[in-house]
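For reference, the structure discussed in these notes is given below.
The values are calculated or read from the model by the stated rules, or taken from the named source; none is laboratory data. As the structure is a computational prediction, the values presented were derived from the model and not from experiment. All Cβ positions, glycine included, derive from the backbone under ideal geometry; neighbour counts span all protein chains shown. Remember, those area values only see protein heavy atoms, side chains included, never the ligands or the DNA or RNA. Shrake-Rupley method; radii C 1.70, N 1.55, O 1.52, S 1.80 Å.
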Amino acid sequence: MNQTQTSNLSISIAETLHVGRPNIGSYQRFLSLVEDIFERRWFSNNGKLVNELEFLLSEYLEVKHCILVCNGTMGLQLATKALELTGEVIVPAFTFIATVHALQWMGLKPIFVDVDPLTHTLDPDKIISLINENTSGIIGVHLWGNPCATEKIESIAKIYDLKVIYDAAHAFSCRHQTKMIGNFGDCEVFSFHATKFFQTFEGGAITTNNDQLAQKIRLMKNFGFQGLDNVIELGINGKMTEIQAAMGLACFESLEEIVKINRRNYEYYRQHLEEITGIRFFNYDKIAQTNFQYIIAVVDAKTAGLTRDELVQILQDCNIRARRYFYPGCHRSAPYRTLYPEQITNLPNTDFLCERVMVLPTGQSVSVRDIDVICQIIKQSLQN
C-alpha cells in the first residue's frame with residue numbers, strides 16, 4: 001500500500017482523533033468529587049475518597065484487603081519488600097518492563113521463564129528447572145486479562161516454600177473460574193494507569209486475603225507510620241492521592257459500559273479480519289469473565305506478506321495507535337541483556353511472540369466506523 005492510499009483510507013480518522021485513547025468515566029461525577037476535595041482541603045494521606053474507593057474495590061473484587069498505591073510499579077515493589085523476597089525471583093520476560101524493573105530495583109535477580117505459546121502466560125512446566133537455593137518467589141502475569149495457571153504455579157510454590165505474586169495490571173474485572181482476579185497467590189498487584197481498563201490517571205492497588213500482610217503493606221506505603229508520629233516499619237511514600245481516587249470513583253460507574261464496548265470491538269475485529277491469511281487473534285475464554293481490553297493479533301510474515309513491524313508502521317502512519325508488545329522482550333532489553341546474557345537464548349516462545357504480537361486500538365474512543373477503516377487498511381496492506 002502506498003502513502004496516497006493509506007492517507008485516503010485514514011482521512012476520516014485523522015481529521016477527528018488519534019485512535020486509541022484512555023477510557024474515562026463520568027466527567028460531571030469527577031468534577032463534583034474534585035469540588036468536594038477542595039472544600040475539605042484534604043488532598044492526600046489516606047483521605048475520604050481513597051478510603052471509599054478501597055472499600056468499593058475490595059467488595060467488587062471479593063477480596064478482604066485492597067490497598068491503593070500511587071502506581072502499579074510501586075505496588076510490585078511494596079509487595080516484594082513486604083513478602084521479604086531475596087535472591088532470585090522467577091518471572092516471565094514476556095511482560096511490560098515494569099514487572100522486571102520492580103524486581104531489579106529492589107535488588108532481586110529476575111530469572112526469566114518462558115511462556116505458553118497459546119495462553120501467552122508463564123508456563124508452569126518450565127518453573128521447576130529454574131528453582132535453586134536462591135529462589136524466593138514467583139511472579140506470574142495475567143497477560144491480556146488472561147489468568148495464569150494459578151493452581152499449578154501455587155502447588156509448585158507450596159512444595160518449594162516460595163512466595164507468589166501476580167501482576168494483574170491487565171486483569172481488573174476478570175475472573176478465573178469462580179474467583180475474581182485479586183484473590184490468588186500471596187497478593188496481586190493492579191495498575192490503574194491511564195491506559196488501563198480501569199484508571200485513576202496514575203495509580204494501582206495491592207489485594208490480598210492475608211491480614212498480616214495487608215497491615216504490613218499499609219504501614220510501608222506511608223513511611224512506616226502507625227498513628228501520627230510513631231514509625232514502626234521501614235516505609236516509603238506509596239500513597240494514592242485524593243484526585244486519583246476521584247477519577248477512580250468516576251470511572252467505576254462506567255465499568256459495565258466499557259466492557260460492552262470492548263467486547264463489541266473485539267468481536268467486530270474478529271468478524272472482519274479472522275479469515276485474513278497471516279493474522280491469528282488471541283482467543284478469550286467465551287465463558288470466563290474478562291474485560292476484553294486488549295485486541296491481540298499474531299502476525300505471521302511468511303503467510304501475511306508483511307512483517308508485524310511493517311504493518312504496525314502503516315497503521316501508525318494513519319494515526320492509528322497500533323503497538324508491538326512486548327518487543328524485544330525484557331530479557332533482550334537494557335539492562336538485562338547485559339546483566340544476564342546467559343538468559344537471552346532460553347526463551348523461544350517469548351522470542352516468537354515478541355516478533356509477531358500486535359495490539360490494535362479499542363475502548364470507549366474507538367467506534368465501529370473506526371474499526372472498519374482499520375480493517376480496510378490492514379486488508380489492503382496485506383493484499384498489496
Residue match in the stretch 218-230 (condition: of a type in the set (Gly, Ala, Ser) and under 19 Å from Leu61 (Cα atoms)): no
For Ala304: the one exception among (1) in contact with a helix residue (DSSP H, G or I) (Cβ under 7 Å, 6 or more places away or on another chain); (2) closer than 17 Å to Pro22 by Cβ: (2)
Unmet requirement for Val89, which otherwise passes all of (1) part of a strand (DSSP E or B); (2) within 17 Å of the chain's Cα centre (by Cα): (2)
Condition broken by Tyr284, with the remaining ones in (1) touching a Phe, Trp or Tyr at 6+ places or on another chain (Cβ under 7 Å); (2) in a helix (DSSP H, G or I); (3) among the aromatic types (Phe, Trp, Tyr) satisfied: (2)
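Give the stretch 36-62 a look and list any residue that's in a loop (DSSP other than H, G, I, E, B) and open to solvent by 10 Å² or more (accessible area, probe 1.4 Å), or say none.
Taking the stretch 36-62 first, the residues in a loop (DSSP other than H, G, I, E, B) are 41-47, 62.
Within the stretch 36-62, Arg41, Trp42, Phe43, Ser44, Asn45, Asn46, Glu62 qualify.
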The lone exception for Asp229 - which of (1) of a type outside the set (Val, Ile, Thr); (2) open to solvent by 20 Å² or more (accessible area, probe 1.4 Å); (3) touching a residue at least 40 places away in the same chain (Cβ under 8 Å) it fails: (3)
Condition broken by Lys260, with the remaining ones in (1) buried (at least 16 other Cβ atoms within 10 Å of the Cβ); (2) within 22 Å of the chain's Cα centre (by Cα); (3) not in a loop (DSSP other than H, G, I, E, B); (4) not assigned by the TED database to the domain that holds Leu76 satisfied: (1)
Filtered residues of the stretch 324-356 (kept if over 17 Å from Lys126 (Cβ atoms), part of a helix (DSSP H, G or I) and open to solvent by less than 30 Å² (accessible area, probe 1.4 Å)): Tyr336
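In this structure, is Ile296 within 25 Å of Val366 (Cβ to Cβ), outside the structural domain of Val164 (by the TED database), among the hydrophobic types (A, V, I, L, M, F, W, C) and part of a helix (DSSP H, G or I)?
On the way: within 25 Å of Val366 (Cβ to Cβ): yes; outside the structural domain of Val164 (by the TED database): yes; among the hydrophobic types (A, V, I, L, M, F, W, C): yes; part of a helix (DSSP H, G or I): no.
Answer is no for this residue.
Out of Val373, Val357, which single residue is β-branched (Val, Ile, Thr) and under 25 Å from the mean Cα position of the chain (by Cα)? Before you say what the answer is, go through the steps one by one.
Values: Val373 fails: under 25 Å from the mean Cα position of the chain (by Cα).
Being β-branched (Val, Ile, Thr) and under 25 Å from the mean Cα position of the chain (by Cα) holds for just one of Val373, Val357, which is Val357.
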Flag for Cys318 being within 27 Å of Ala93 (Cβ to Cβ) and open to solvent by less than 20 Å² (accessible area, probe 1.4 Å): no
Single condition Ala82 does not satisfy, out of (1) surrounded by fewer than 24 Cβ atoms within 10 Å (Cβ to Cβ); (2) more than 21 Å from the chain's Cα centre (by Cα); (3) not acidic (Asp, Glu): (1)
